[in-house]
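Taking it in order: structure first as C-alpha cells, then the write-up.
What follows is calculated from the coordinates using simple rules that are stated; it is not laboratory data. Treat the numbers as computed from the prediction; the structure is a model and nothing was measured. Reconstructed Cβ throughout: ideal geometry from the backbone, glycine too, with neighbour counts over all protein chains shown.
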Amino acid sequence: MVAPIIIAVILLLAFLGVFTVKQQTAALVERFGRFHSVRNSGIQFRIPFVDRIAGRVNLRIQQLDVNVETKTKDDVFVKMKVSVQYLVLQEKIYDAYYRLQNPNDQITSYVFDTVRAEVPKLRLDDVFEKKDDVAIAIKRELAQAMSEYGYGIIKALVTDIDPAEEVKIAMNRINAAERQRTAAEYEGEAERIRIVAKATAEAESKRLQGRGIADQRREIARGLEDSVIVLNKVGINSQEASALIVVTQHYDTLQSVSEKSRSSLILLPNNPSAASNMLIELTTSFIAANKLKELEQEDDKQREDDKQRQQKLDS
C-alpha cells in the first residue's frame with residue numbers, strides 16, 4: 001500500500017519538475033530565491049518546491065522605435081524617428097535580466113541624449129544629408145552603454161525626419177524657385193544657341209547670295225562682251241552695240257512683266273519715244289565719255305612732249 005503512494009509521489013514530483021524552454025528563449029532558475037542557472041531551449045528539469053523559474057528572456061532581435069523632437073543649428077524644430085535593433089547577448093543573460101529593470105526606457109534615454117547632442121550641430125539641410133552620421137553616433141553610444149547590461153546593438157536607423165509644416169512649405173517653395181531659375185537658365189542658353197545659329201545661317205546665306213550675285217554679274221558682263229564682239233563683226237561699233245543691247249534688254253523686261261497677269265510692277269515711262277530718248281542719251285554719254293578720254297590722252301601726250309623738250313633744253 002505504501003509503495004504505490006511513494007511511486008505516485010515520485011511521478012508527481014517528476015511531473016512538477018519537468019518544464020520546457022522555447023527556441024530563442026532562455027529561462028532563469030532560482031533556488032531558494034537565489035539565482036541558480038540559465039536553462040536554454042528544450043526539456044529541462046528543476047527540483048519542485050526548491051527551484052523556481054524566475055523569468056524568461058527573449059533572445060531574438062527586437063526593435064524599438066523612438067520619436068525625438070529636437071532643434072537644428074539654424075533654429076528649426078524637427079521630429080525624428082529612430083529605430084534601434086537590439087538583442088540580449090547569450091553570455092550576459094544574467095546581466096540583462098537582473099541588472100536592468102526596463103531596457104526600452106534605458107535605450108530611449110540614450111537615443112534622446114545622442115540625438116539632442118548631434119543634431120543641434122547641423123543645419124536642417126545637413127540633417128537630411130548626414131542622417132547616417134547621426135545613426136552611427138547613436139549606435140556607438142548605445143553599444144558602449146548597453147553592453148554593460150547584457151544588450152548588443154545591431155543597428156540604429158534614422159527612418160524619418162519631419163520638420164514643421166511651415167518649414168516644409170518654405171523648403172518646397174525654395175526648391176521650386178531654384179528649379180525655375182535653372183529652367184530659365186537652360187531656356188536662355190537654348191535661345192542664345194538658336195540666335196547664334198540663326199545669325200550664322202543668315203551670314204552664310206548672305207555670303208552665298210553675294211557670291212551668286214557676283215557670279216551672275218560676271219556672267220552677264222561676259223555675255224555683253226560676247227554680244228559686243230559679235231556685233232562688231234557685222235560693222236556695229238561699241239557704242240551702238242551697247243545701246244542696242246540696252247534697248248533689247250528693256251523690251252525683254254517688258255515682255256517678261258507682261259507674261260505675269262497678276263504682276264503689280266509699274267514701269268515709267270513705257271513708250272517707244274522714251275526708249276528712243278534713253279538710247280540717244282546712252283549714245284550721247286558714250287560719245288562724250290570717249291571724247292573726254294581722247295582729250296585726256298592728247299593732254300597726257302602734250303605734257304610728255306613738253307617734259308622731253310624741257311629735258312633737252314636742260315641738257
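Some values worked out for this structure:
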quantity	calculated
Student exercise, region 183-223 dipole from Lys, Arg, Asp, Glu Cβ charges, in Debye to nearest 20	500
Neighbour net charge for ASP51 - beta-carbon separation under 12 angstrom, K R +1, D E -1	+4
Rounded to whole Hz, the Karplus (6.51, -1.76, 1.60) HN-Hα couplings of region 163-177, x for glycine and proline	x, 4, 4, 5, 5, 5, 4, 5, 5, 5, 5, 4, 4, 5, 5
Segment ALA197-GLN63, extension gain: residue separation times 0.36 nm, minus the distance between their alpha carbons	42.0 nm
Residues whose placed amide H lies under 5 Å from that of ASP160, excluding near-sequence neighbours	LYS81
16 Å Cα-Cα reach of LYS139 towards lysines, excluding residues that sit fewer than 8 places from it in its own chain	LYS81, LYS130, LYS131, LYS155
Length added when fully stretched, ARG218-ARG56, from 0.36 nm per residue minus Cα-Cα	47.3 nm
Modelled FRET efficiency - R0 35 Å, ILE169 with PHE112, Cβ distances, 0.05 increments	0.80
Rounded to whole Å, sorted largest first: equivalent-ellipsoid semi-axes of region 47-100, Cα gyration tensor	40, 11, 9
Karplus-derived HN-Hα couplings along region 299-308 (A = 6.51, B = -1.76, C = 1.60, θ = phi - 60°), whole Hz, x at Gly and Pro	4, 5, 5, 5, 5, 5, 5, 4, 5, 5
Sequence-distant residues sharing a close amide H with LEU122 (under 5 Å, placed H)	LYS73
Per-peptide average of other Cβ atoms within 10 Å, ordering 137-146, 51-60 highest first	137-146, 51-60
Fully extended contour minus Cα-Cα distance, from GLN24 to GLN144, at 0.36 nm per residue	40.8 nm
